[in-house]
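Asks: Starting off with a structure, shown below.
The values are calculated or read from the model by the stated rules, or taken from the named source; none is laboratory data. A quick note: this is a predicted structure, and the numbers were derived from the prediction, not measured. Positions of Cβ are generated from backbone atoms using ideal geometry, with glycine treated the same way; all protein chains shown enter the neighbour counts.
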């Protein structure tokens, strides 16, 4: 699934699949940790949805802080639960200043 907030061809969406035996909280945590591990300043948004057909969670990570609800309205009739998350980012100067303080 893609969304209109994914506009940078240098940073395409990253897809990850997790077992359907995870609960939503565990799957969201795994997705967030993976997003942070790639680059905390690049992939700061993700959606997480549970697909019935293969009983799995799918995490799709997006470039930038995609926070508009319209960016998470891609329809998939196989998805029985879906969540959208984003983390606002600090620019590098603000990060350096916050580390110094």
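Asks: Considering only residues that are modelled with pLDDT under 90 and surrounded by 12 or more Cβ atoms within 10 Å (Cβ to Cβ), which ones fall in the range 5-30?
Replies: Across the range 5-30, the qualifying residues are 5, 6, 11, 12, 13, 14.
Asks: Is it true that some residue in the range 55-74 is exposed (fewer than 12 other Cβ atoms within 10 Å of the Cβ), at positive phi and at pLDDT 70 or above? Show your work before the answer.
Replies: First, pick out the residues of the range 55-74 that are exposed (fewer than 12 other Cβ atoms within 10 Å of the Cβ): 55, 69-70, 73.
Retained after the next criterion (residues that are at positive phi): 55.
Filter again for at pLDDT 70 or above, leaving 55.
Yes, there is a match, as at least one residue in the range 55-74 is exposed (fewer than 12 other Cβ atoms within 10 Å of the Cβ), at positive phi and at pLDDT 70 or above.
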